[in-house]
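Enquirer: Shown below is the structure under consideration.
The values are calculated or read from the model by the stated rules, or taken from the named source; none is laboratory data. For clarity, every value in this text was computed on a predicted model and none was experimentally measured. Positions of Cβ are generated from backbone atoms using ideal geometry, with glycine treated the same way; all protein chains shown enter the neighbour counts.
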Amino acid sequence: MRVVSGIQPTGNLHLGNYLGAIRNWVAMQDQMECFYFLADLHAISQPHVPAELAANTREMAAALVACGVDPDRSVLFNQAQVPAHAELQWLLNGTARMGWLNRMTQWKDKAGKNRDGQSVALFTYPVLQAADVLLYQATHVPVGEDQKQHLELARDIAQSFNSAFASEEAPVFTLPDPIIPPEAARIMSLRDGSAKMSKSDPSDMSRINLIDDADTIMAKVRKAKTDPEPLPGEAAGLEGRAEAKNLVGIYAAMTGQGVDAVLAQFAGQGFGAFKPALGEVLVETLSPIAERFNALRHDGEMLDAILAKGASRAREVAAPTLDAAYRALGLVRG
């Protein structure tokens with residue numbers, strides 16, 4: 001099994017990133033061959049500051065390593081060091097169809113009413129995503145609810161390309177299957193239980209950043225929005241209590257327990273008792289990550305070496321697939 005997954009180097013990772021994706025990346029290293037990339041090519045599909053993108057790429061590498069992604073067990077790299085991503089995207093543009101891309105939900109959401117003012121890169125973003133995974137013959141791709149449609153498109157592109165330019169006995173591309181994380185933790189804002197935790201929220205109190213120190217974490221949990229009711233004894237009692245459900249869900253995800261098990265432990269107690277316990281659980285896990293991150297983030301030479309090593313391996317694995325795609329299309333290369 002080979003897993004491929006990427007993350008945009010936007011900086012400032014938070015608890016939602018960790019529980020929603022990164023923790024599962026770390027766990028998968030022991031189960032299968034993993035290729036993890038920083039999606040810096042995707043980042044230029046929207047306005048950006050070049051110097052910030054370069055800095056964020058290194059910082060994201062530091063954060064992933066601090067969280068437990070091991071460059072000796074996984075292939076960790078940034079897209080820009082592997083030109084085959086952009087090359088394969090162009091080759092796949094001949095197979096992808098405008099209608100397919102027009103139906104992509106994220107295109108509609110990000111473009112809004114100003115579609116004519118958006119970059120071509122934003123429109124063809126899903127084709128680059130397809131290239132990202134097809135390039136490495138990925139068998140599996142971790143996906144959340146918001147990425148299922150993109151993986152389905154990647155499979156459609158691969159199947160169409162194979163049907164048009166290859167034989168059934170010797171397809172060019174593997175059709176990847178989704179991996180749904182065992183705990184698809186959907187972490188919500190500490191200030192609004194109906195909104196996802198996000199780095200774009202103007203209030204820093206809405207999220208737990210992975211670089212927050214222990215005092216900051218405890219303060220944010222203490223001030224998190226809740227309600228005056230005590231905790232129920234079972235999950236059904238959390239319906240209609242978005243903020244309470246979120247905090248209990250975070251505790252469950254951090255400790256590996258089910259929500260019912262957490263509620264059995266705290267049933268009848270108020271948030272005055274629950275919040276300090278939640279804060280301690282978060283500090284215990286996140287403080288070592290913050291410490292490692294702060295040690296790594298300023299060592300640009302080490303981070304560049306990690307990314308260069310991963311990119312070298314990625315280029316090696318990608319080359320046969322890219323060559324096969326060129327040959328299948330009848331393109332002559334030296």
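Enquirer: What residue, of 285, 321, 255, is at pLDDT 95 or above and of a type in the set (S, T, N, Q)? Let's see the steps before the verdict.
Expert: Values: 285 fails: at pLDDT 95 or above; 255 fails: at pLDDT 95 or above.
321 is the lone residue from the list that is at pLDDT 95 or above and of a type in the set (S, T, N, Q).
Enquirer: Taking segment 305-325, which residues are exposed (fewer than 15 other Cβ atoms within 10 Å of the Cβ) and either not polar (S, T, N, Q) or not assigned by TED's automatic domain parsing to the domain that holds residue 89 (or both)?
Expert: Just the residues of segment 305-325 that are exposed (fewer than 15 other Cβ atoms within 10 Å of the Cβ), to begin with: 305, 308, 312, 316, 319-320, 323.
If the condition is that a residue be exposed (fewer than 15 other Cβ atoms within 10 Å of the Cβ) and either not polar (S, T, N, Q) or not assigned by TED's automatic domain parsing to the domain that holds residue 89 (or both), then 305, 308, 316, 319, 320, 323 are the ones that fit.
Enquirer: Determine which single condition residue 294 fails, assuming it passes every other condition in (1) in contact (Cβ under 8 Å) with a residue 12 or more places away in the chain; (2) over 26 Å from residue 3 (Cβ atoms); (3) over 23 Å from the mean Cα position of the chain (by Cα).
Expert: Of everything listed in (1) in contact (Cβ under 8 Å) with a residue 12 or more places away in the chain; (2) over 26 Å from residue 3 (Cβ atoms); (3) over 23 Å from the mean Cα position of the chain (by Cα), residue 294 misses just condition (3).
Enquirer: Would you list the helices (runs of 4 or more DSSP H) that sit entirely within segment 35-148 and hold 2 or more residues that are farther than 25 Å from residue 321 by Cβ and aliphatic (A, V, I, L, M)? Working first, answer last.
Expert: Numbers: elements: 40-43, 50-67, 84-93, 98-102, 105-111, 120-134.
Passing ranges, in order: 50-67.
Enquirer: Related question: For segment 151-202, which residues satisfy the criterion of being aliphatic (A, V, I, L, M), part of a loop (DSSP other than H, G, I, E, B) and closer than 25 Å to residue 132 by Cα?
Expert: Of everything in segment 151-202, those that are aliphatic (A, V, I, L, M), part of a loop (DSSP other than H, G, I, E, B) and closer than 25 Å to residue 132 by Cα turn out to be 166, 170, 172, 175, 180, 184, 185.
Enquirer: Next question. Would you please name the residue that is surrounded by the fewest Cβ atoms within 10 Å (Cβ to Cβ), looking only at residues in segment 14-43 that are under 16 Å from residue 254 (Cα atoms) and among the hydrophobic types (A, V, I, L, M, F, W, C)? It would help to see each step written out before you state the result.
Expert: Going residue by residue through segment 14-43, those that are under 16 Å from residue 254 (Cα atoms) are 14-27.
Then keep just the ones that are among the hydrophobic types (A, V, I, L, M, F, W, C); that gives 15, 19, 21-22, 25-27.
Working: 15: 24, 19: 23, 21: 23, 22: 23, 25: 22, 26: 19, 27: 12.
Checked segment 14-43; the qualifying residue surrounded by the fewest Cβ atoms within 10 Å (Cβ to Cβ) is 27.
Enquirer: Can I ask one more? Can you go through 138, 170, 154, 164 and tell me which one is in contact with a helix residue (DSSP H, G or I) (Cβ under 6 Å, 6 or more places away or on another chain) and either among the hydroxyl-bearing types (Ser, Thr, Tyr) or in the same structural domain as residue 12 (by TED's automatic domain parsing) (or both)?
Expert: Going through 138, 170, 154, 164 in turn, the sole match is 154.
Enquirer: Just for segment 219-236: of the residues that are in a helix (DSSP H, G or I) and modelled with pLDDT of 95 or more, which one is nearest to residue 204 (Cα to Cα)? Spell out how you get there, then give the answer.
Expert: First pass over segment 219-236, keeping only residues in a helix (DSSP H, G or I): 219-223, 235-236.
Checking the rest, the ones that are also modelled with pLDDT of 95 or more come to 219-223.
Working: 219: 12, 220: 9, 221: 12, 222: 14, 223: 12 Å.
Here the answer is 220.
Enquirer: Just to check your reading of the model, which residue among 273, 277, 253, 242 is free of Cβ contacts under 8 Å to residues at least 24 places away in the same chain and among the small types (Gly, Ala, Ser)? Walk me through how you get there before you give the answer.
Expert: Details: 277 fails: free of Cβ contacts under 8 Å to residues at least 24 places away in the same chain; 253 fails: free of Cβ contacts under 8 Å to residues at least 24 places away in the same chain; 242 fails: free of Cβ contacts under 8 Å to residues at least 24 places away in the same chain.
Unique residue meeting the criteria: 273.
Enquirer: Considering (1) outside the structural domain of residue 142 (by TED's automatic domain parsing); (2) under 30 Å from residue 324 (Cα atoms), say which one residue 235 fails and leave the rest.
Expert: With respect to (1) outside the structural domain of residue 142 (by TED's automatic domain parsing); (2) under 30 Å from residue 324 (Cα atoms), residue 235 is out only on (2).
Enquirer: A further question follows. Please go through (1) of a type in the set (Val, Ile, Thr); (2) in contact (Cβ under 8 Å) with a residue 40 or more places away in the chain; (3) under 26 Å from residue 60 (Cα atoms); (4) loosely packed, with under 13 Cβ neighbours inside 10 Å for residue 180 and return the number of the only condition it doesn't satisfy.
Expert: (2)
Enquirer: Would you point out the residue of segment 44-62, among those that are over 23 Å from residue 299 (Cα atoms) and in contact (Cβ under 8 Å) with a residue 12 or more places away in the chain, that is surrounded by the most Cβ atoms within 10 Å (Cβ to Cβ)?
Expert: First pass over segment 44-62, keeping only residues over 23 Å from residue 299 (Cα atoms): 44-48.
Next cut, in contact (Cβ under 8 Å) with a residue 12 or more places away in the chain only: 44-46.
Working: 44: 15, 45: 19, 46: 13.
Only one residue fits best here, namely 45.
Enquirer: Quick one: count up the residues across segment 11-25 that are farther than 14 Å from residue 212 by Cβ, part of a helix (DSSP H, G or I) and touching a residue at least 60 places away in the same chain (Cβ under 8 Å).
Expert: Quick first cut of segment 11-25, residues farther than 14 Å from residue 212 by Cβ only: 11, 19-25.
Cutting the leftovers down to part of a helix (DSSP H, G or I) gives us 19-25.
Within this subset, residues satisfying the condition of being touching a residue at least 60 places away in the same chain (Cβ under 8 Å) are 19-21, 24-25.
Total satisfying the criteria: 5.
Enquirer: Taking the conditions exactly as written (under 21 Å from residue 41 (Cβ atoms) and touching a Lys or Arg at 6+ places or on another chain (Cβ under 7 Å)), does residue 134 satisfy them or not?
Expert: In short, no.
Enquirer: Please tell me if residue 236 is surrounded by 15 or more Cβ atoms within 10 Å (Cβ to Cβ) and among the small types (Gly, Ala, Ser).
Expert: Working: surrounded by 15 or more Cβ atoms within 10 Å (Cβ to Cβ): no; among the small types (Gly, Ala, Ser): yes.
No; evaluated as a whole, the condition is false for this residue.
Enquirer: All but one of (1) touching a helix residue (DSSP H, G or I) at 6+ places or on another chain (Cβ under 8 Å); (2) farther than 30 Å from residue 132 by Cα; (3) not β-branched (Val, Ile, Thr) hold for residue 311, so report the exception by its number.
Expert: Evaluating residue 311 over (1) touching a helix residue (DSSP H, G or I) at 6+ places or on another chain (Cβ under 8 Å); (2) farther than 30 Å from residue 132 by Cα; (3) not β-branched (Val, Ile, Thr) leaves (2) as the failure.
Enquirer: Cβ contacts < 7 Å: first residue more than 17 Å from residue 160 (Cα to Cα) and free of Cβ contacts under 8 Å to residues at least 12 places away in the same chain, restricted to segment 95-124; second residue of a type outside the set (Ser, Thr, Tyr) and exposed (fewer than 13 other Cβ atoms within 10 Å of the Cβ), any location; separation 6+ or different chain. Result?
Expert: No pair meets every condition.
Enquirer: How many of the residues in segment 138-159 are surrounded by fewer than 16 Cβ atoms within 10 Å (Cβ to Cβ) and more than 26 Å from residue 20 (Cα to Cα)?
Expert: 1
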